[in-house]
């Protein structure tokens with residue numbers, strides 16, 4: 001029988017070592033989504049002791065808004081897509097092996113997303129769970145930004161597939177447009 005010459009060999013340790021640190025696309029998207037939510041929760045917890053001061057600084061009050069229109073949804077979608085474009089544009093750049101450019105990309109992408117996460121988290125911590133009633137679009141916004149962040153995270157590791165980046169950009173744009181529509185029409 002031909003099977004008598006086969007041996008079962010365990011793969012060497014080096015074969016699996018890269019897989020733990022270089023996640024596939026789905027794992028990268030999920031972890032990017034988790035990073036955005038974890039940052040939001042962290043900033044919300046930081047804001048709790050200073051909630052009164054932050055409410056005064058933001059100067060907003062939770063009140064029903066007038067019904068939305070497409071002229072309101074379009075700038076919201078454009079702003080959301082501008083934020084998603086930052087990591088995607090850095091992902092398109094050829095930075096493999098250029099440590100300084102990777103560092104610049106990390107700083108710019110991290111800062112732009114940190115500002116969004118910080119504002120959302122600080123507002124949530126300041127206004128409490130009552131604010132969630134006004135944020136039904138938040139999971140879609142974070143989903144769109146997570147897709148863009150995943151594109152950057154994969155590109156900085158040398159996994160810069162133009163087709164994958166285009167699909168991530170398209171999916172992010174769809175999610176962010178849906179989020180803008182929900183923010184315009186579904187928020188009380």
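The values are calculated or read from the model by the stated rules, or taken from the named source; none is laboratory data. Note that the structure is predicted; figures quoted are calculated from it, not measured. Cβ atoms come from the backbone with ideal geometry, glycine included; neighbour counts cover every protein chain shown.
Candidates 58, 16, 21, 50: the one that is modelled with pLDDT under 85 and surrounded by 10 or more Cβ atoms within 10 Å (Cβ to Cβ) is 58. In the stretch 89-113, the residue that is modelled with the lowest pLDDT out of those that are surrounded by fewer than 13 Cβ atoms within 10 Å (Cβ to Cβ) and under 22 Å from residue 39 (Cα atoms) is 103.
This table checks each residue for (1) farther than 19 Å from residue 186 by Cα; (2) assigned to a helix (DSSP H, G or I).
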{"residue": "72", "(1), (2)": "no, yes"}
{"residue": "80", "(1), (2)": "no, yes"}
{"residue": "94", "(1), (2)": "yes, no"}
{"residue": "106", "(1), (2)": "yes, yes"}
{"residue": "113", "(1), (2)": "yes, yes"}
{"residue": "122", "(1), (2)": "yes, yes"}
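Being surrounded by fewer than 23 Cβ atoms within 10 Å (Cβ to Cβ), in contact (Cβ under 8 Å) with a residue 24 or more places away in the chain, within 16 Å of the chain's Cα centre (by Cα) and farther than 22 Å from residue 111 by Cβ holds for only one residue in 131, 167, 140, 181, and it is 140.
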